[in-house]
Each structure stands twice: as C-alpha cells, then as structure tokens.
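Below is one structure; the comments refer to it alone.
None of the figures in this text is laboratory data; all of them are computed from the coordinates on show. Keep in mind that what you see is a predicted model, and the values were worked out from it rather than measured. When we count neighbours, we look across all protein chains shown, and the Cβ atoms used for this are built from the backbone with ideal geometry, even at glycine.
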Amino acid sequence: MFNMAEKNKTALEIRLKELEAELDKVANSLKSEKRKELIDKAAKSESALIYGMEYERKSKEIHAIKNSMKRIKDGTYGICIQCGKTIDQKRLDIKPTAKFCITCRKKNDKESSK
Ligand SMILES: [Zn+2]
C-alpha cells in the first residue's frame with residue numbers, strides 16, 4: 001500500500017510539473033492573443049476555443065493530481081472513495097489520479113449516461 005503510493009507519487013509529481021509548464025504556455029498564448037478580445041469573439045475564433053478548452057482540461061488535470069497528492073499524504077491514496085476498496089494497481093498505472101475502483105467507475109458511468 002505504502003510502496004504503491006510512493007511509486008505513483010513520483011509519477012504524479014513529474015506529471016504535475018509537466019502540466020504546470022504546459023498550462024503556463026497555454027495561458028501565455030491566451031494573453032498574447034489578447035484574451036478578452038478573443039473571448040468576446042470566441043464563437044468566431046476557433047483558436048480561442050481550442051486554447052480555452054486546453055486550458056480547462058489541463059487545469060482540471062492539475063486539480064486531480066493535487067488531490068491525489070493530498071490523498072497520498074493522508075494515506076487514503078489508492079482507495080476507492082465510493083466503496084473503500086483498494087483500487088487495482090494496473091488501473092492506477094494507467095490513471096494515477098483515479099478516485100474510484102473500476103466497479104464504481106463503471107457504475108457511475110452507467111448512472112451518468114442515463
Ligand atoms: Zn469502488
């Protein structure tokens with residue numbers, strides 16, 4: 001349990017650094033293209049939309065990683081927040097920010113697509 005969290009922590013820290021650098025780049029692109037102006041014309045400007053979506057996506061991922069790192073600290077990392085079972089290591093390797101075990105994920109997906 002502890003070793004698993006340590007292993008993923010390193011991966012998460014690396015990913016977080018990458019993402020923060022990428023987010024900076026996107027933020028700078030937005031700024032350099034006069035952000036406000038672009039948002040006003042967002043419907044017409046494809047690039048503004050793409051940047052906006054990129055920014056949002058990366059922000060969300062950073063948020064998820066920070067959350068995971070907090071849970072590593074708390075000792076709750078790798079435990080499904082819904083059913084309390086241990087999340088499969090293979091799943092954490094693919095998605096280190098996973099909060100749900102595969103069973104709950106599938107269940108939630110089904111419910112959200114109702
Ligand atoms: Zn679960």
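Within the range 92-107, can you find the residues that are assigned to a helix (DSSP H, G or I), under 16 Å from the mean Cα position of the chain (by Cα) and within 10 Å of the ligand (Cβ to nearest atom)? Spell out how you get there, then give the answer.
At the first step, the residues of the range 92-107 found to be assigned to a helix (DSSP H, G or I) are 92-94, 102-107.
Pick out the ones that are also under 16 Å from the mean Cα position of the chain (by Cα) and you get 92-94, 105.
Within the range 92-107, Arg105 is the sole residue that qualifies.
Of everything in the range 72-91, what is more than 11 Å from the ligand (Cβ to nearest atom) and in a loop (DSSP other than H, G, I, E, B)? Give them in sequence order.
Gly75, Thr76, Tyr77, Gly78
Answer with yes or no whether Ala64 is closer than 28 Å to Glu22 by Cα and either more than 15 Å from the ligand (Cβ to nearest atom) or surrounded by fewer than 11 Cβ atoms within 10 Å (Cβ to Cβ) (or both). Before you say what the answer is, go through the steps one by one.
Details: closer than 28 Å to Glu22 by Cα: yes; either more than 15 Å from the ligand (Cβ to nearest atom) or surrounded by fewer than 11 Cβ atoms within 10 Å (Cβ to Cβ) (or both): yes.
Yes, satisfied.
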